[in-house]
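None of the figures in this text is laboratory data; all of them are computed from the coordinates on show. Quick caveat, the model's predicted, so the values are computed rather than measured. Methodologically, a virtual Cβ is constructed for each residue, glycine included, from the backbone with ideal geometry; neighbour enumeration extends over all protein chains shown.
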Amino acid sequence: MTVDLHVHTAASDGNLTAAEVVELALASDLSAISVTDHDSVEGIAPALTAASGTSLRVIPGVELSSSAGDLDAHILGYFIDHTDVRLLAMLASLRVSRLARAESMVAALRAAGYKVTIEQVVALADPDGAVGRSHLARALVDTGQVGSVGEAFRDLIGRSGRFYVAKPLATPRQAIEVIRAAGGVAVLAHPGISGTESMLDELVACGLGGVEAYHVEHTPEQREHFARIASERGLVATGGSDFHGPGSASAILGASCAPDGVVRALEILAGRKDC
């Protein structure tokens with residue numbers, strides 16, 4: 001069984017539609033994927049529709065942005081009810097924050113002489129999705145003002161860039177509570193990349209159900225380390241490619257190394273023992 005539990009579509013900062021992701025997953029002989037867009041569930045219904053009647057299973061998911069002090073923690077949610085009212089309310093609030101941040105960064109860039117508008121940025125995002133820094137970076141590339149998305153992040157809008165603006169976020173506890181209230185399992189995304197290992201015990205106490213041990217950017221040592229931590233704490237060790245689409249800096253779809261049985265383990269933890 002080849003599964004990829006960390007996949008983005010154009011509903012957040014991916015460059016393929018949900019239907020295109022499903023088509024690629026089928027061509028790649030994947031048995032299951034989870035659509036986990038940043039602060040958006042708009043890609044789930046189209047993915048479910050596209051996969052209907054095929055061999056591919058689509059697991060409804062999300063990746064919620066949260067912060068605690070100086071740390072940003074991304075919380076993945078699996079087997080969520082993507083129509084849950086409380087979840088949708090949080091996502092709407094996060095999208096407003098994302099747009100406000102984009103507007104602030106565009107204003108700062110324009111004041112410094114960069115010719116980019118918020119309309120150009122928003123046009124690159126899905127109409128019902130979340131506007132992110134990747135859309136601003138792509139607008140700068142499309143207008144010839146930087147050479148690549150990576151350059152835009154490194155020099156301008158990344159955390160150490162001159163025009164970086166932080167956005168108000170939910171706390172990890174709030175993100176976990178909303179995911180659990182929507183019937184899902186909360187998983188800490190890529191702790192070896194985000195530097196959030198120190199938060200694990202606190203998050204477990206809040207109801208965290210898993211840790212993304214097998215993220216594609218984790219080293220073999222980190223994968224072993226976080227898999228061991230998951231086992232010791234009774235958590236599900238998940239994995240994913242963090243796919244964003246062809247031509248992006250992300251790994252290819254399916255490059256997740258997710259262990260066999262992870263989907264079933266998440267199902268059981270979500271209470272779906274009849275699946």
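Of note:
- Rounded to 0.05, the FRET efficiency of the D72 and I268 pair, given R0 = 35 Å and the Cβ-Cβ distance, is 0.75.
- Length added when fully stretched, A123-L26, from 0.36 nm per residue minus Cα-Cα: 32.0 nm
- Region 192-229: GluC sites (Glu not before Pro) in DSSP loop, at most 14 other beta carbons within 10 Å: E217
- Distant-in-sequence amide H partners of L71 (H built 1.01 Å from N, under 5 Å): none
- Computed 3J(HN,Hα) for region 156-167, one whole-Hz value per residue from the Karplus formula 6.51 cos²θ - 1.76 cosθ + 1.60 where θ = phi - 60°, is 10, 10, x, 4, 9, x, 5, 10, 5, 10, 6, 10, glycine and proline marked x.
- Annotation: for a label point projected 7 angstrom from Cα along Cα→Cβ of L88, residues of region 3-43 with backbone N closer than 12 Å are 41-42.
- For V35, the residues whose modelled amide H falls within less than 5 Å of its own, excluding neighbours fewer than 5 places apart on the same chain, are I59, G61.
- Computed over the chain, the per-residue total of -39500 (n - 2.57) for DSSP H runs of n ≥ 4 gives a 222 nm mean residue ellipticity of -11500 deg cm²/dmol, rounded to 500.
- Antiparallel %, DSSP beta bridges [both residues in the chain], to 5: 45
- Extension reserve of the S160-R233 stretch, reckoned as 0.36 nm per residue once the Cα distance is removed: 22.8 nm
- Against the rule of thumb 2.2 N^0.38 Å, how large the Cα Rg of region 44-105 comes out: 1.40
- Convex hull volume per residue in cubic angstrom - Cα atoms of region 51-204: 144
- The chain: most fluctuating residue of S231, S40, S97 per GNM, C-alpha cutoff 10 Å: S231
- Under the span-like rule (Cα at least 27 Å along the axis, Kyte-Doolittle mean at least -1.0), DSSP H helices of the chain: 85-111
- Across all directions, the average projected area of the convex hull around the alpha carbons of the chain is 13.6 nm².
- Panel note: the C-alpha atoms of region 220-266, placed on their principal axes, show extents of 38, 25, 13 Å (largest first).
- Amide N of region 3-26 lying under 17 Å from the label point, which is placed 7 angstrom from the Cα of S52 along Cα→Cβ: 18-20, 22-23
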